[in-house]
1. Keeping to segment 271-298, report how many residues are open to solvent by 80 Å² or more (accessible area, probe 1.4 Å), among the charged types (D, E, K, R) and part of a loop (DSSP other than H, G, I, E, B).
2. Among the residues of segment 85-132, which ones are under 28 Å from SER62 (Cβ atoms), acidic (Asp, Glu) and open to solvent by 40 Å² or more (accessible area, probe 1.4 Å)?
3. Kindly provide the set of residues from segment 4-26 that are small (Gly, Ala, Ser) and either assigned to a strand (DSSP E or B) or open to solvent by 40 Å² or more (accessible area, probe 1.4 Å) (or both), ordered by number.
4. So which residues in segment 104-127 are out of contact with any strand residue (DSSP E or B) (no Cβ under 9 Å at 6 or more places or on another chain), within 22 Å of GLN19 (Cα to Cα) and hydrophobic (A, V, I, L, M, F, W, C), if there are any at all?
5. Of all residues in segment 27-84, which are closer than 12 Å to LEU12 by Cα, in contact (Cβ under 8 Å) with a residue 40 or more places away in the chain, open to solvent by less than 30 Å² (accessible area, probe 1.4 Å) and assigned to a helix (DSSP H, G or I)?
6. Within segment 92-127, which residues are touching a residue at least 24 places away in the same chain (Cβ under 8 Å), under 20 Å from LYS301 (Cβ atoms) and within 17 Å of the chain's Cα centre (by Cα)?
7. Just to be sure before I move on: is ILE213 surrounded by 11 or more Cβ atoms within 10 Å (Cβ to Cβ), over 23 Å from PRO140 (Cα atoms) and free of Cβ contacts under 8 Å to residues at least 24 places away in the same chain in the structure I sent?
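The values are calculated or read from the model by the stated rules, or taken from the named source; none is laboratory data. Since this is a predicted model, take the numbers as computed values, not measurements. Every residue, glycine as well, gets a Cβ built from its backbone with ideal geometry; the counts of neighbours run over all protein chains shown. For the accessible areas, the whole protein counts, side chains as well, though only heavy atoms, and no ligand, DNA or RNA atoms are used. Shrake-Rupley method; radii C 1.70, N 1.55, O 1.52, S 1.80 Å.
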Amino acid sequence: MKSSPNSTTKELSFSDNDQTAILYGELNKNLLLIEQKAEIKIHTRGNGVTLCGPEHAVELASDLLEQFYGLIKKGFQVYSSDFAFGLQVLEASPNARLDKIFLDKVYITAENRTVSPKTQNQKHYIDAIRNNDIVFGIGPAGTGKTYLAVAMAVSALVSGQIRSIILTRPAVEAGEKLGFLPGDLAQKVNPYLRPLHDALSDMLGAEKGASLIEEGIIEIAPLAFMRGRTLSDAFIILDEAQNTTREQMKMFLTRIGFDSSAVITGDITQVDLPRPEQSGLRHAQHLLHDVEGIQFCNFTKQDVVRHPLVQKIIAAYEKNAGSKK
C-alpha cells in the first residue's frame, strides 16, 4: 500500500449495534486486518471509529468500511478475507462499487456459503461466462478460475438451463510418470481429476455429487475420453488447458454442440508438456482472440483468493523468471 507524507484523521459512525459488531469482527479482527493492510491506525469507541494515517490510506479504508457496512445491511455474509479483497479492488479502482462485485451470487454451496466474485477480474469472468458460449480463463493458481466455473455449471444445472455437466482435464505427467502409479487406467488418472471432484463436492455435497455422477448427469473424465463425441445441452469445463496440445485443443473445441457452453481454464506459465511452445492454450489465445462469441479473461496474482502468502510466492517466481530473460 503506497503511503503519503500527509497524515490525516477521519471519524466514522455507524448506527446499528449488531451490524457494527459484524463490521468490526470478533475481537475487532476485521479492523486489525485493515490496519495492517492499509498501514493506518484505527481506534474504536462504541459504534464510532477514528482512522489515522496517510491521507490516501485513510480515505481508502474509510470508503472500504462504509461500503462493507452497506453490504452487511443488505445481508451480505462477510468474512475477514473479504476486507483484503475489497482493499485491492478500491486501490486499483477508487470509484468501484463493491456491492456490484460481492453481491453477485453465483451459487450457494452445500455448506450454505455463497459463492461470489471477490475481484473485478472475477466479476468480469462471471459476466463473460453468462454472455458467451466459449470463455477462456487464463492466470495463476488460486485465482478461482476452475472453482467459479464449476459454480456456474452447477447453477446452470440446478436452474434447468442445461442437462449435464462435463468436467475434463488432460492427464499430463508433472514430475511423475503415470506408468509407475499403481492401479488400472481409471485409478492412474484419478489424481488428475481430484480437484474437479473437490470443487463439485463443495458445491453439492459429496453424496449429491456422487449421485449425479452415477446417474451420468455429471461426468468427470480425462480429455482423451472426449474424442469423437458431440457435447450438446451441456456445460463443459476443460481444466489445466495449458497441458493440451494444439491437436487436443482443436479436438475439444470442435466437440461443442448446440445449447452448450464451454469454459477453458489454465496457466500458461505452468506448461508440463515436453515442448511448452506446443501448448494448445497458448495457440488458442493467439488464434481465437478476435472470434465473436469467444471471450478471453486474464487473471493476475492480485486475483489470488487463497492464503495471502500465495500472492507473494507467485510474485517471487515472476520476478525470478523476469531476471533470467
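1. Of the residues in segment 271-298, 3 are open to solvent by 80 Å² or more (accessible area, probe 1.4 Å), among the charged types (D, E, K, R) and part of a loop (DSSP other than H, G, I, E, B).
2. Scanning segment 85-132 gives a single hit, GLU91.
3. SER7, SER13, SER15, ALA21
4. none
5. VAL58, SER62, LEU65, TYR69
6. Within segment 92-127, PRO117, LYS118, THR119, GLN120, ASN121, GLN122, HIS124, TYR125, ILE126 qualify.
7. Yes; evaluated as a whole, the condition is true for this residue.
So that you can scan it fast, the table gives a plain yes or no per residue for (1) in contact with a strand residue (DSSP E or B) (Cβ under 6 Å, 6 or more places away or on another chain); (2) touching a residue at least 24 places away in the same chain (Cβ under 8 Å); (3) among the acidic types (Asp, Glu):
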{"residue": "LEU193", "(1), (2), (3)": "yes, yes, no"}
{"residue": "LEU204", "(1), (2), (3)": "no, yes, no"}
{"residue": "ILE218", "(1), (2), (3)": "yes, yes, no"}
{"residue": "PRO222", "(1), (2), (3)": "no, yes, no"}
{"residue": "THR230", "(1), (2), (3)": "no, yes, no"}
{"residue": "ASP239", "(1), (2), (3)": "yes, yes, yes"}
